[in-house]
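Take a look at the structure below.
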Amino acid sequence: MESDGEDKPGAGAKTLVKPEQKLAEPFFYKVVLLNDDYTPMDFVVHILQKFFLKNMEEANRIMMQVHQQGSGVAGVYSHEIAETKVYVVNEYSRKNKHPLKCTMEKTS
Ligand code: TYC
């Protein structure tokens with residue numbers, strides 16, 4: 001025997017369930033530039049100014065860090081923003097025929 005019979009008051013009533021709230025992901029990601037032998041230094045400085053809003057001094061410092069150490073952090077962002085930065089930088093470099101590569105890494 002069904003306990004919520006159709007003849008009872010409230011039969012067929014739907015219970016409204018509040019949707020779970022989507023919390024922002026609590027992780028941050030480093031957007032990293034990688035060194036290569038062909039991309040001009042000026043182009044890397046330009047990237048750091050255009051997409052990462054660095055001033056000339058900071059852009060030069062990061063570019064030289066990448067050049068000498070092999071990689072360097074251009075900025076730290078949420079997952080979605082970091083993914084977008086990586087995509088636009090790699091596309092912009094490809095369109096300008098430079099092999100510059102940009103990746104992202106979860107912060108620890
Ligand atoms: N190594 C490059 C050169 O000597 C310069 C360079 C710097 C390239 C940083 C990429 O992410 C990079 N022209």
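Per the 1.4 Å probe, what fraction of the accessible area of the chain, in percent, lies on carbon and sulfur atoms?
Its accessible area is 54 percent carbon and sulfur atoms.
Normalised radius of gyration for segment 66-108, please: alpha carbon Rg relative to 2.2 N^0.38 Å, two decimal places.
In units of the 2.2 N^0.38 Å rule of thumb, it is 1.21.
Net charge within 14 Å of Ser93 by Cβ-Cβ distance, Lys/Arg positive one each and Asp/Glu negative one each, not counting Ser93 itself?
Net of charged neighbours comes to +3.
What percent of all Cα-Cα pairs in segment 28-106 falls into each 5 Å bin, going from 0 up to the bin containing the maximum distance?
3, 18, 30, 28, 17, 3, 0
For Phe27, Phe52, give me the order by solvent-accessible area with a 1.4 Å probe, most accessible first, ignoring ligands, DNA and RNA.
Of Phe27, Phe52, the descending order of accessible area is Phe27, Phe52.
As I understand it, the value is the acute angle between the Cα axis of helix 79-95 and the longest principal axis of the Cα atoms of the chain; what does it come to in degrees, rounded to 10?
40
Just tell me which lysines come within less than 20 Å, Cα to Cα, of Lys30; anything on the same chain fewer than 8 places away is out.
Partners within reach: Lys50, Lys54, Lys85, Lys101, Lys106.
Go ahead and run the numbers for FRET between Leu23 and Tyr87, Cβ-Cβ distance against an R0 of 25 Å, rounding to 0.05.
It comes to 0.55.
The values are calculated or read from the model by the stated rules, or taken from the named source; none is laboratory data. Computed from a predicted model, the values in this text were never measured in an experiment. With ideal geometry, Cβ positions are generated from the backbone for all residues, glycine too; neighbour counts draw on all protein chains shown. To get the accessible areas, we keep the full protein, side chains included, count just its heavy atoms, and leave off ligands, DNA and RNA. Shrake-Rupley method; radii C 1.70, N 1.55, O 1.52, S 1.80 Å.
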